[in-house]
């Protein structure tokens, strides 16, 4: 039985083949939409939660731009600007007295994240973070799999520096060296639980 918005109840047995096919397509579309995730929003809301409960202070790094022209007649709207310099990574902050710095990447591939999505200046920046004793990693979202992995920056750097041999970070490589991040409601991404386990050798339940 199917309830339509006009309250009319229709038996699936009385539906035509075309109507049944259309309903099947609608269900598939809705199902696919529910599997999707706005990755940046998920990370941002998770960071807000961590800040609210005083667990960590992690913020999104703003992209540096130089404003060229502003339209003050329309609420000071920026009408012309350009990127002043290359940004480094997406997020940084402090957790348990340690500097933390990470980049978020997503891919629609089910098998790999290509190095085309990673810039040399990001690699160089994360090298510096590791050199000075900070925590550095990538959060990698496989869209089609609805899976997020935390991969320490050293593994990304090592693979990137041999990209003449390999052109991407395979899902197998990520699984072998990284950690699956649990997804939930609050926080949306429980990536600090993985940080606890990997970098502090402890597990905590929040």
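Every number here is computed from the coordinates shown, using simple stated rules; none is lab data. Here the structure is a predicted model, which is why all the values come from computation and not from measurement. Note: ideal-geometry Cβ built from the backbone for every residue, glycine included; neighbour counts use all protein chains shown.
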Taking 0.36 nm per residue of separation between residue 162 and residue 53 and subtracting their Cα-Cα distance, the length gained on full extension comes to 35.1 nm
Footprinting proxy, 189, 180: sorted fewest to most Cβ within 10 Å, the residues are 180, 189
Under the 7 Å Cα-to-Cβ spin-label approximation, residue 108 and residue 198 lie apart by a distance in nanometres of 2.7
Expressed in nanometres to one decimal, the distance between label points 7 Å along Cα→Cβ at residue 72 and residue 145 is 5.4
By the mean-Cβ-within-10 Å protection proxy, highest first, 130-138, 92-100 rank as 130-138, 92-100
Exposure proxy check on 140, 186: fewest-to-most Cβ neighbours within 10 Å is 186, 140
